[in-house]
Amino acid sequence: MESMPIMLVGLYVFILATLAGKEVITKVPPTLHTPLMSGANAISGIAIIGGLIISAKADMGDEPIVAILGLVAIIFATINVVGGFMVTDRMLEMFKKK
Amino acid sequence: MTFYADLAYLISAFLFLAGLKQLSSPATARRGNQMAALAMLIAIAVTLVQTEILTWTWIITGVLIGSLVGATAARMVKMTAMPEMVGIFNGFGGGASALVAGAEFLNLQQAGVLPAGPGSTIMLAMLIGAVTFSGSAVAFGKLAGYITGNPVTNNFLRFLNAVLFLFIIVSGVYMVGWDPDMTIFLAFIGVALLLGILLVNAIGGADMPVAISLLNSYSGLAASMAGFILGNMVLIISGALVGASGLILTNIMCKAMNRSLANVVFGGFGTEGATADQIGAGDKTARSVDAEGAAMILGYAQSVIIVPGYGLAVAQAQHDLKKLQDLLEDRGIDVKYAVHPVAGRMPGHMNVLLAEADVPYDQLYDDEEINDQFKDTDVALIVGANDVVNPEARNPQSVIAGMPILDVDYAKNVIIMKRSLSPGFAGIDNPLFYMEKSMMFFGSAKPSMQDLVREVRELD
């Protein structure tokens, strides 16, 4: 049997992940919707992986435009990751004390 | 090596999902967020180990700058400004994915032909990422008050949107199918950015909770598309999780306003429906009450339900409200909070503001949980809310017909703390203000609340 093309595998994964996400996230109570959103913000910073892969192979001297795009992608995504997880933690701490 | 890397990515993807699952209860939510952060750390570490890195300089520079900005923002932001922060962060997420798509385009374009698979995902990632980026900038501007909150839309702009969208499809297909021309790609980016601006500018300020939920979803979709480009499963999975989360919240917000998504995005709500003669017309009179009177009613009640609205958040009066709650509870009064899903400016915003003021979350109830309790309640105290307590929603002729509301008019007494009788975002009069059991306590939420606290304290 031939293995599936990577695009198709990706599509399988995408659909199943969406369904799994829907199941889990529907159970988040309204009280936590703001932290859910800022946490999701942080997770969408996963694009940092893309920025890292781009930056790893681009040389500032040879391909300055690609390298700059990679750098800005890393900056944007890191803001999301660090800011998103930190502010979510700050909020959830307030919910913990009773 | 690749095998172990893929295994670690799998663990990371699992931790993202498991972390989100912990968000189903306030007791475990903080650990859930930390699990997701760990998942991110694993994914980043694996990428750095697995990828052959030519120079570390720019990677380290980027991470340092991003961490500094992100950490500062996370520490400084006021809880009332969370919608702005989430709004602008959506844009960064979308922007990062768009930049990845742009860089991959440049890498592949040199060959002269774009392979159909990566080519089409590059176009999708660029489109969604760019729309998210510029749209989020507009959403941020509206929430922060830099741009008008009024929906900017008309027939010409709707036509223009259609033309721009057509251009996106045609040029995208052309670049993937025939010629990955650099000029066309730049035009594609410019048009996508313009579309983002126009689409969000057409949405009214009151509908921003829907807009930022939707943009949240887009930022996840863009990350997923970037994952397709790079063939990276952890990007696809976590992007899909964010996409699903944003879509669920969008749905909840639309339901809470009894509007369809299409109506929010294209409706230009808030411009029509409000006519001057409808408001304050006739011989209706509203009874007003001062702090002393309100304190008497509240202080000698047995049960009070507090309904906080956006006005409370603007006035930052949540801490004074908590003082009032404590005083009432010391007098043996049963105090509950009724929080409407669109009470704040983003999903769950009011809950965060009350949590900041140390209101225990188990005293907060949503509309479905608390609505049948109003009839047995002595006083409903409404602080800076309007449309969400408007009984007109039960009138099938009204523009807000069918919108889920809090049934405060069933309580024995209703005290409304508000600056004036002016209508809310929906632009319609509120008959609640003129009911016999209703009393208007005019004034800005913060000083009024402080007066009220003082008067309740002086009761014996």
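The values are calculated or read from the model by the stated rules, or taken from the named source; none is laboratory data. Everything quoted here is computed from the prediction, not taken from an experiment. We place every Cβ from the backbone using ideal geometry, glycine too, and count neighbours over all the protein chains shown. These accessible areas exclude ligands, DNA and RNA; they are computed on the full protein's heavy atoms, side chains included. Shrake-Rupley method; radii C 1.70, N 1.55, O 1.52, S 1.80 Å.
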Restricting attention to segment B:346-353, does a residue exist that is in a helix (DSSP H, G or I), surrounded by fewer than 20 Cβ atoms within 10 Å (Cβ to Cβ) and not assigned by TED's automatic domain parsing to the domain that holds B:Gly87?
-> no
Restricting segment A:72-90 to residues that are surrounded by fewer than 24 Cβ atoms within 10 Å (Cβ to Cβ) and of a type in the set (A, V, I, L, M), the residue that is farthest from the other protein chains (Cβ to nearest Cβ) = A:Val72
Of all residues in segment B:76-89, how many are assigned to a helix (DSSP H, G or I) and at the interface with another protein chain (Cβ under 7 Å from one of its Cβ atoms)?
-> 4
Segment B:290-318: number of residues that are over 21 Å from B:Asp334 (Cβ atoms), surrounded by fewer than 19 Cβ atoms within 10 Å (Cβ to Cβ) and not acidic (Asp, Glu) | 3
Report the residue count in segment B:1-33 for those that are in a helix (DSSP H, G or I), farther than 17 Å from A:Ile48 by Cα and within 7 Å of chain A (Cβ to nearest Cβ).
-> 6
Name the single residue, out of those in segment B:90-114 being within 10 Å of chain A (Cβ to nearest Cβ) and open to solvent by 30 Å² or more (accessible area, probe 1.4 Å), that is nearest to A:Gly84 (Cα to Cα).
-> B:Phe92
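A quick yes/no check of all residues on (1) in a helix (DSSP H, G or I); (2) within 13 Å of chain A (Cβ to nearest Cβ):
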residue: B:Gly117; (1), (2): yes, yes
residue: B:Met123; (1), (2): yes, no
residue: B:Met126; (1), (2): yes, yes
residue: B:Thr132; (1), (2): yes, yes
residue: B:Gly141; (1), (2): yes, no
residue: B:Val152; (1), (2): no, no
residue: B:Leu160; (1), (2): yes, no
Conditions (1) in contact with a Pro (Cβ under 9 Å, 6 or more places away or on another chain); (2) at pLDDT below 90; number of the one not met by B:Leu160 = (1)
Going by the conditions given, is A:Phe14 aromatic (Phe, Trp, Tyr) and more than 25 Å from B:Ile236 (Cβ to Cβ)?
-> no
If you go through segment A:42-54 one residue at a time, do you hit one that is more than 16 Å from B:Thr55 (Cβ to Cβ), within 10 Å of the chain's Cα centre (by Cα) and open to solvent by 10 Å² or more (accessible area, probe 1.4 Å)?
-> no
Somewhere in segment B:176-184, is a residue crowded, with 24+ Cβ neighbours inside 10 Å and either among the β-branched types (Val, Ile, Thr) or in a helix (DSSP H, G or I) (or both)?
-> no
Quick one: count up the residues across segment B:10-43 that are open to solvent by 20 Å² or more (accessible area, probe 1.4 Å) and more than 27 Å from A:Pro30 (Cβ to Cβ).
-> 4
Would you be able to say whether some residue in segment B:136-158 is open to solvent by less than 30 Å² (accessible area, probe 1.4 Å) and β-branched (Val, Ile, Thr)?
-> yes
Considering segment B:204-233, residues that are open to solvent by 10 Å² or more (accessible area, probe 1.4 Å) and more than 11 Å from chain A (Cβ to nearest Cβ), and then whichever is nearest to B:Ile400 (Cα to Cα), we arrive at B:Ala206
Check whether at least one residue in segment A:67-87 is over 19 Å from the mean Cα position of the chain (by Cα) and in a helix (DSSP H, G or I), and report yes or no.
-> yes
Please go through segment A:57-71 and pick out each residue that is in contact (Cβ under 8 Å) with a residue 12 or more places away in the chain and of a type in the set (A, V, I, L, M).
-> A:Ala58, A:Val66, A:Ala67, A:Leu69, A:Leu71
Quick check: is even one residue across segment B:39-46 assigned to a loop (DSSP other than H, G, I, E, B), over 18 Å from B:Ile229 (Cβ atoms), out of contact with any Leu (no Cβ under 9 Å at 6 or more places or on another chain) and at pLDDT below 95?
-> no
Somewhere in segment B:413-422, is a residue part of a helix (DSSP H, G or I), more than 10 Å from every other protein chain (Cβ to nearest Cβ) and open to solvent by 20 Å² or more (accessible area, probe 1.4 Å)?
-> no
Which numbered condition trips up B:Ile189, out of (1) within 14 Å of another protein chain (Cβ to nearest Cβ); (2) in contact with a Phe, Trp or Tyr (Cβ under 9 Å, 6 or more places away or on another chain)?
-> (2)
